[in-house]
Amino acid sequence: MSHRLSLAILAVAVLLPAMLVAQRDEGQYVILSAQYGTAEHHVDVTDRLRELARSDRPFRMGNSTFGVDPDHGRVKALRIYARGQNGEERMFEFREGSTVDGSQFRGWRRGDWGRGGWSGNWGGRGAAQPEMTAALDNLRQAQQHLQAANNNKGGHRERAMQLIDQAISEVQQGMEFAERH
């Protein structure tokens, strides 16, 4: 094998994993802030979430995760407030015991987020539309599952992903319409 070919193979072996990690860290949303608790009692956990994100592994969310119980005896949630590529704000909610996977957040592993820009309201944008917000969350979760599925479905997986993209767009447009009227 020639010396140039050996160098090229070595370069690919070294650079490819770094490129794949960088691509995996480029989700659709940038985190603005993170709150943990209930509507009545919650705390800012943005800095702690940044620490957890740097491990780049999904984690199970609860009081021990954040080292605080802001509302004893009540089921709490982690709310991540984020901004999409088109400037739309969105809230992601993870109830106690659920698993948090940061793959949908841009800069997750690098911790390159959480520098403000959020309205400060526990409900976030769309709080007056809990069913629509829940529908968006469920659609996005289905989207993630389909993206992770094998591509051996005779084109049906791809068509389902297109339909989910369309459904997400329709729900977002409906929420925006309701906020304007």
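The values are calculated or read from the model by the stated rules, or taken from the named source; none is laboratory data. Just so you know, these numbers come straight off a predicted model, no measurement behind them. Here the Cβ positions follow ideal geometry from the backbone for every residue, glycine too, while neighbour counts run over all protein chains shown.
General remarks:
- Near pairs, Cβ below 6 angstrom, 6+ apart or cross-chain, from segment 81-107 (in the same structural domain as TYR29 (by TED's automatic domain parsing)) to any residue that is surrounded by 14 or more Cβ atoms within 10 Å (Cβ to Cβ) and assigned to a helix (DSSP H, G or I): GLY102/ALA53
- In segment 139-181, the qualifying residues are those that are at pLDDT below 80 and more than 17 Å from the chain's Cα centre (by Cα), and the one that is surrounded by the most Cβ atoms within 10 Å (Cβ to Cβ) is MET175.
- Some residue of segment 33-49 being surrounded by 12 or more Cβ atoms within 10 Å (Cβ to Cβ), within 19 Å of PHE105 (Cβ to Cβ) and modelled with pLDDT under 85: no
- Any chance LEU136 is modelled with pLDDT of 90 or more, outside any loop (DSSP other than H, G, I, E, B) and among the aliphatic types (A, V, I, L, M): no
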